[in-house]
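Asks: Below is the structure I would like to discuss, written out as structure tokens.
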Amino acid sequence: MATNPFATVVGQPQAVMLLQRAMAVDRIAPAYLFAGPPGVGRSLTARAWAARLLVARQEAAGADLGVMQRIEQGNHPDFLWVEPTYLHQGRPVTPAEAVDLGLKRKGSPLIRLEQVRQIARFLARPPLEAARSIVVIDQAETMAEGPANALLKTLEEPGQATIVLLAPSSDRLLPTLVSRCQLVPFVRLGPEPMATVLTQQNCGEILAHPEVLAMAQGSPGSAIAAWQQRQTLPSELLESLHQPPTTLRTALELGKQIAQSLDSDAQLWLLDYLQQQYWQTHRNAALLTPLEAARLQLRRFVQPRLVWEVALMQLQAVVPPSGAGRARP
């Protein structure tokens with residue numbers, strides 16, 4: 001078994017090189033910004049980086065793998081992972097906790113002021129086992145101005161600590177936060193690294209679905225999430241939508257079925273999926289226009305059944321029943 005936790009990071013050689021070089025010359029910055037799309041390895045790299053830093057005082061071979069396990073289990077005293085939360089009965093709950101509690105989620109989760117205060121309290125004490133404490137803030141772009149300004153004070157004087165922010169890009173954060181972080185860029189993966197990660201995650205079947213890969217745009221995490229979402233949709237519905245409807249009656253029946261069986265989020269996801277599916281099959285931009293119009297209408301709370309019926313009837317008119325104009329496999 002490899003003793004280097006970075007060995008599990010695929011397709012991010014520049015990010016790994018920057019972090020390993022910082023450790024080699026013993027110049028660890030007080031704050032880092034891991035900037036790049038979600039699902040490409042930012043979180044995995046942050047955990048690997050934390051594992052290397054938290055064993056700085058240890059010499060036993062493979063010690064960082066033991067620390068990695070403790071990090072993943074959430075029981076290392078010098079490591080804190082912060083993620084966006086919802087507010088429930090006056091206390092923050094993570095998305096996973098919200099699901100367990102059966103809460104109906106309204107809006108998106110946020111990094112809240114109380115969580116930033118928790119970070120300050122965590123860093124107020126010296127590290128217990130390692131040379132430094134490590135804090136990782138996932139989806140840092142969800143911080144409003146108040147929490148961001150509070151975090152700024154902590155970044156100015158982090159003490160014996162390193163803080164890592166995960167965000168899509170530097171322009172999604174306050175410039176004052178970005179200026180205090182060392183940037184570590186993350187990129188979308190090419191086909192080979194993408195296939196490697198999906199195979200490692202026992203999701204190799206996704207590779208046979210180009211529409212899912214196209215939705216992911218080089219993000220293995222997004223590909224897995226899209227595949228999981230696909231599994232929640234009725235298989236007979238997906239089969240019926242594999243090609244655009246060939247008759248007006250079929251279009252109306254499918255529109256009714258979609259509106260009755262899928263919630264709003266699933267309907268929006270289905271539109272993305274169908275755009276990729278039809279483009280992969282037909283390479284006809286005219287098929288994308290009705291689906292894009294349907295997306296805008298659903299977001300404006302137009303009656304879903306009407307939206308889908310109109311969109312599917314328009315698709316039926318684009319591709320004739322004979323299948324003329326379809327791309328050859």
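Asks: Determine if the range 280-288 includes at least one residue that is among the β-branched types (Val, Ile, Thr) and either over 25 Å from LEU213 (Cβ atoms) or under 24 Å from the mean Cα position of the chain (by Cα) (or both).
Replies: Checked the range 280-288: no residue is among the β-branched types (Val, Ile, Thr) and either over 25 Å from LEU213 (Cβ atoms) or under 24 Å from the mean Cα position of the chain (by Cα) (or both).
Asks: Sort out which residues of the range 31-54 are out of contact with any Cys (no Cβ under 6 Å at 6 or more places or on another chain) and small (Gly, Ala, Ser), and write them in order of number.
Replies: Answer for the range 31-54, where residues must be out of contact with any Cys (no Cβ under 6 Å at 6 or more places or on another chain) and small (Gly, Ala, Ser): ALA35, GLY36, GLY39, GLY41, SER43, ALA46, ALA48, ALA50, ALA51.
Matching residues to (1) in contact with a helix residue (DSSP H, G or I) (Cβ under 8 Å, 6 or more places away or on another chain); (2) on the phi > 0 side of the Ramachandran plot; (3) not assigned by TED's automatic domain parsing to the domain that holds PRO37:
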{"position": "VAL93", "(1), (2), (3)": "yes, no, no"}
{"position": "VAL99", "(1), (2), (3)": "no, no, no"}
{"position": "PRO109", "(1), (2), (3)": "yes, no, no"}
{"position": "ARG121", "(1), (2), (3)": "no, no, no"}
{"position": "PRO126", "(1), (2), (3)": "no, no, no"}
{"position": "ILE134", "(1), (2), (3)": "yes, no, no"}
{"position": "GLN139", "(1), (2), (3)": "no, yes, no"}
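Asks: A follow-up question, please. State all residues of the range 184-198 that are surrounded by 14 or more Cβ atoms within 10 Å (Cβ to Cβ) and not charged (D, E, K, R); if no residue qualifies, say none.
Replies: Matches in the range 184-198: VAL184, PRO185, PHE186, VAL187, LEU189, PRO193, MET194, ALA195, THR196, VAL197, LEU198.
The values are calculated or read from the model by the stated rules, or taken from the named source; none is laboratory data. Computed from a prediction, not measured in an experiment: that's the story for all the values here. Backbone-built Cβ (ideal geometry, glycine too); neighbour counts: all protein chains shown.
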